[in-house]
Structure formats: C-alpha cells, structure tokens
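Bear in mind that the values in this text are calculations on the coordinates, not laboratory data. Just so you know, these numbers come straight off a predicted model, no measurement behind them. Backbone-built Cβ (ideal geometry, glycine too); neighbour counts: all protein chains shown.
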Amino acid sequence: MSFRLRDTAHRDLVSLPAPASLLPDGLLGGAAPRREQQVLAEASLVARYGEEESPVRPDQIIAPRRREDVGQSLWQTFNVIQENLIRGGLDGRRQTADGRIRRSRTRPINGIDQNVGLNRALWTLAEGMQRLKSA
C-alpha cells in the first residue's frame with residue numbers, strides 16, 4: 001500500500017506546474033530554438049550518464065510524452081528532459097565490449113540521491129541557458 005501511495009504522490013507532484021514566481025525571469029517566455037534544445041539535451045545526457053556513451057540520442061529526450069508538454073519554451077524543454085531522464089523507458093542502443101550493438105531501455109531513477117543530483121544539474125543547465133539567452 002505504501003508503494004502505491006508513494007507512486008501516486010510522486011506522479012501528482014511531478015505533474016504540478018511550477019509557480020511562475022519561483023522561476024528565474026525569462027525561463028517561461030520565449031521559444032528555445034531547436035539547436036538550443038539539442039545543446040540542453042546533450043548536456044543533460046552527460047549529467048545523467050557521465051562521460052560514457054548514452055544509450056539514447058538527444059532528440060529522444062526532448063520528445064514530449066504528452067501533447068500538453070508540446071512547446072518550445074525553455075521551461076517546457078526542461079520539464080520534458082527531466083521527465084524522460086527520471087522516468088526512463090526510452091528505447092536505446094549500447095555497444096558491448098566486443099563491439100556489438102545491443103538494444104536497451106533506459107531505466108528510471110529510483111534513488112533519492114541520484115534524483116536530487118540529476119535535478120540540480122538539470123536546473124543549473126536551464127539557468128545557464130536562460131542567462132546566455134538574456135545576455
């Protein structure tokens with residue numbers, strides 16, 4: 001029962017919109033061009049997987065799962081990347097030690113420490129992108 005409650009609470013908290021007053025100026029407004037989305041996605045994959053090869057491509061983690069998430073603001077892009085990296089479930093490919101390509105699926109992040117660390121890194125990346133856009 002506690003697992004069901006925890007999963008429900010997590011789903012509900014993740015789906016809440018962030019109050020605009022807590023967001024840095026400019027994070028909600030303006031479109032993030034496709035190239036900026038790609039750069040944010042590439043840096044996010046490094047934050048998630050380190051220097052090892054990522055099993056997914058940057059364009060996979062900027063693809064929204066729901067039509068409500070479609071949009072090009074930096075905030076929407078940040079949310080989509082965050083959900084895709086934390087929830088996992090994306091189909092990917094990894095190269096084995098002997099050079100063969102093997103299909104894989106990204107795993108969800110279940111540990112609190114890893115979740116908080118990734119969220120901090122993603123937030124820092126989004127703030128950095130916002131500062132670059134406003135400069």
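Starting at 0 and stepping by 5 Å, how many percent of the alpha carbon pairs of region 85-135 end up in each bin?
Here the calculated profile for region 85-135 is 5, 17, 14, 14, 16, 15, 12, 5, 2, 0.
So which trypsin sites (Lys or Arg not before Pro) in region 60-135 are both in a DSSP loop and have at most 14 other Cβ atoms within 10 Å of their Cβ?
Arg65, Arg66, Arg100
Would you mind working out the magnitude of the charge dipole of region 64-135 relative to its Cα centre, with +1 at each Lys and Arg C-beta and -1 at each Asp and Glu C-beta, to the nearest 20 Debye?
340 debye
Any number yet on Rg/Rh for region 49-132, C-alpha, Kirkwood?
1.00
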